[in-house]
Amino acid sequence: MVDVIDVKRNGGELSPEQIQFFIDGVTDGSIPDYQISALLMAIYLQGMTDAETTTLTMDMLHSGDQLDLSDIDGVKVDKHSTGGVGDKTSIPLAPLVASMGIPVPMISGRGLGHTGGTLDKLEAIPGYTVEISEAAFKQQLRDVGCAIVGATGNIAPADKKIYALRDVTDTVDSIPLIAGSIMSKKIASGTDALVLDVKTGSGAFMKTEADAVALAKALVTIGKGVGMNAMAVISDMNQPLGNAIGNALEIKESIDVLKGNGPADLVDLVLTIGSQMVVMAGKAPDLASARAALQSHIDDGSALAKFRAMIVAQGGDGDVIDHPEMMPQATHEIVLKAAKSGVITKMKADEMGIAAMLLGGGRQKKDDQLDYAVGLWLNKKVGDTVTAGEPLMTVYSDQADISEVEALIQSNIEIGAAGESVKLIHEIITD
C-alpha cells in the first residue's frame, strides 16, 4: 500500500491492479484507515485520469451487490442530483416521467448539513417507508412504474467506507472521488439511462461553473464507458430552488408542481430533466415534444395520480395529496419583512439551507433527529422587486425565539437598486 500511495503522491498514474488492490483492501478491512486517508489526500491533490476514475468506479461497483432490472420491461431511466437547497426535483419528477410509461427506479439518500435529502422529505408523509426489499422494489416498478427508496442490499460497500473517511479528511470535493462515488452506486442500481443534475453556485459542492462542468464530464464519461446512456444538466444553486426549504414544506411544493401550481424555476427544471429522460427512453422523438407530453400529464392529472399511487405503494397515506396539512405542522409562522425597497440581488443558497438546519429541518450530525415541520417559505427570489415592509419569507418554527436564524437570513439577502433573475440552466453536457 505504501507503494500505491507513493505513485499517486508523486503524480503518477495508478495501474488497474493497484486500484483493485486498494478497493479490495478497503472492502475486507486489511488496509488501515490512515493509509486509505493518505491515498485519498494524494488523489485529492494530484487528481486521476479518466481511465483511473473509471477503474476506481467499477472496482467500487464490484465490491458489493448489483441490482438486476433486466426483467422489467422498458428503458429504465434515473436522475441524480449533486445536492442543493430546496432541491426536491426528484419527488415530482419520478411520478411525472413514470406517467409516460417509463420505469423510474430511484435510489436516493439523506441530507447532511445544508443540503436536504430526498428520503428525509418523503418521510414527512405519514406512513411512507423508504426501506423496502429488492423484491418489493422491483414489484413496485412493475405495478406503479416508479419508486424512491434507500439503498437496497449491500451496494458499493467500499464507497461507504471511503466516503466516511473523505468527510473527516477534507477530501469530499475531489472530482474523481465524487464521480466514482456517484457512478458506482448508479451503475449498481441497474438503470439503463441517467440524467445528472450537477449544481453550481453557493449552495453546491461545485462553487464554480468550471468545476461543475468538469465533474459533469467525468460522470458522463464513466457512464458512457460502461454502456449507460448518460448526460448532464448544469443548473444553478446560487439561490434556493423553488420557494420551499424544509421537509414537509417541500412535499407540499412537489404536490403543487403536479397540480400545475409550482414555482416557475422548479417546474422548468423538472420539465428540462424530464424531457431528457423521456427522449432517452424512446418515448418522444425530440425534447420539445417530450416537454409538451409531460406538461399534458400535469394538466390532465395523470402525473399527480401516479404520485399518489407511489405514496400508497410505499405505505404512505395518499390523502396527503389533497390534505398536505396531514404532515407535521410548525407551532410558529413568523413573517420576515424587507428592510428597504428595491430589487433582490442576492439570496445565498447555502446560508438559507443552514437557517433551515438551525430550525431543526436538517442534520448537523449524522444521527440528529429531524423536525419535519420546520423550514422557510420564500415570498421573493433574486430579481424580484420588493417594497419596504413587504414579506420576504415566512419562517416555520417550533421555537418562539428565532433571532439567530433571522439574523443569518437577513445578512445573506441583499436588496439593491437593480438586479436580474438568475439563469437556471447553465449548460447541457452530452459527452
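The values are calculated or read from the model by the stated rules, or taken from the named source; none is laboratory data. All values derive from a computational prediction rather than experimental measurement. All Cβ positions, even for glycine, are placed from backbone atoms using ideal geometry, and neighbour counts span all protein chains on display. Ligands, DNA and RNA are excluded from the accessible area calculation, which covers all protein heavy atoms including side chains. Shrake-Rupley method; radii C 1.70, N 1.55, O 1.52, S 1.80 Å.
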Q.
Looking only at residues that are touching a residue at least 60 places away in the same chain (Cβ under 8 Å) and touching a Leu at 6+ places or on another chain (Cβ under 8 Å) in region 278-309, which one is farthest from ASP236 (Cα to Cα)?
A. LYS306
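Yes or no, residue by residue, for (1) closer than 18 Å to ALA188 by Cβ; (2) touching a Phe, Trp or Tyr at 6+ places or on another chain (Cβ under 8 Å); (3) modelled with pLDDT under 95; (4) aromatic (Phe, Trp, Tyr):
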site: LEU61; (1), (2), (3), (4): yes, no, yes, no
site: GLN66; (1), (2), (3), (4): yes, no, yes, no
site: ASP78; (1), (2), (3), (4): yes, no, no, no
site: PRO95; (1), (2), (3), (4): no, yes, no, no
site: ILE102; (1), (2), (3), (4): no, no, no, no
Q. What helices (runs of 4 or more DSSP H) completely inside region 136-239 contain at least 3 residues that are open to solvent by less than 10 Å² (accessible area, probe 1.4 Å), touching a residue at least 24 places away in the same chain (Cβ under 8 Å) and under 26 Å from GLY86 (Cα atoms)?
A. 175-188, 209-225
Q. Taking region 279-291 as the search range and keeping residues that are part of a helix (DSSP H, G or I) and open to solvent by 60 Å² or more (accessible area, probe 1.4 Å), which one is nearest to LEU194 (Cα to Cα)?
A. LEU287
Q) Do the conditions hold for ILE132, that is, is it among the hydrophobic types (A, V, I, L, M, F, W, C) and modelled with pLDDT under 95? A) yes
(Q) Name the single residue that is farthest from ILE251 (Cα to Cα) among those in region 325-341 being touching a residue at least 12 places away in the same chain (Cβ under 8 Å) and out of contact with any Asp or Glu (no Cβ under 9 Å at 6 or more places or on another chain). (A) LYS340
Q) Given region 1-102, what helices (runs of 4 or more DSSP H) lie entirely inside it while holding 3 or more residues that are in contact with a helix residue (DSSP H, G or I) (Cβ under 7 Å, 6 or more places away or on another chain) and in the same structural domain as LYS217 (by the TED database)? A) 90-98
Q: Would you mind telling me which numbered condition in (1) open to solvent by 40 Å² or more (accessible area, probe 1.4 Å); (2) modelled with pLDDT of 95 or more; (3) in contact with a Leu (Cβ under 9 Å, 6 or more places away or on another chain) LYS252 fails?
A: (3)
Q. Among (1) out of contact with any helix residue (DSSP H, G or I) (no Cβ under 7 Å at 6 or more places or on another chain); (2) farther than 22 Å from ALA158 by Cα, which single condition is SER202 missing?
A. (1)
Q: Scan region 20-41 and report the pairs whose first residue is of a type in the set (Asp, Glu) and whose second residue is exposed (fewer than 15 other Cβ atoms within 10 Å of the Cβ), with Cβ atoms within less than 9 Å and a gap of 6+ or a chain change.
A: ASP24/SER30
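Residue by residue, here is whether (1) open to solvent by 20 Å² or more (accessible area, probe 1.4 Å); (2) closer than 27 Å to ALA281 by Cα holds:
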| site | (1), (2) |
| --- | --- |
| LEU45 | yes, no |
| MET48 | yes, no |
| ALA51 | yes, no |
| ASP65 | yes, yes |
| ASP73 | yes, yes |
| THR89 | no, yes |
| PRO95 | no, yes |
(Q) Tell me the residue from SER202, SER184 that is of a type in the set (Ser, Thr, Tyr) and within 28 Å of GLY246 (Cα to Cα), please. (A) SER202
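Restricting region 359-385 to residues that are out of contact with any strand residue (DSSP E or B) (no Cβ under 6 Å at 6 or more places or on another chain) and within 30 Å of GLU420 (Cβ to Cβ), which is surrounded by the fewest Cβ atoms within 10 Å (Cβ to Cβ)? Outline the logic, then answer.
Residues of region 359-385 out of contact with any strand residue (DSSP E or B) (no Cβ under 6 Å at 6 or more places or on another chain): 360, 362, 364-373, 381, 383.
Retained after the next criterion (residues that are within 30 Å of GLU420 (Cβ to Cβ)): 362, 381, 383.
On the way: GLY362: 29, LYS381: 19, GLY383: 15.
Residue satisfying both the conditions and the ranking: GLY383.
Quick check on GLU17: is it open to solvent by 50 Å² or more (accessible area, probe 1.4 Å), free of Cβ contacts under 8 Å to residues at least 24 places away in the same chain and not aromatic (Phe, Trp, Tyr)? Steps first, answer last, please.
Values: open to solvent by 50 Å² or more (accessible area, probe 1.4 Å): yes; free of Cβ contacts under 8 Å to residues at least 24 places away in the same chain: yes; not aromatic (Phe, Trp, Tyr): yes.
Answer is yes for this residue.
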Q. Does region 389-397 contain any residue that is open to solvent by 40 Å² or more (accessible area, probe 1.4 Å), of a type outside the set (A, V, I, L, M), out of contact with any helix residue (DSSP H, G or I) (no Cβ under 7 Å at 6 or more places or on another chain) and on the phi < 0 side of the Ramachandran plot?
A. yes
Q.
Among the residues in region 205-219, are any among the small types (Gly, Ala, Ser) and modelled with pLDDT under 90?
A. no
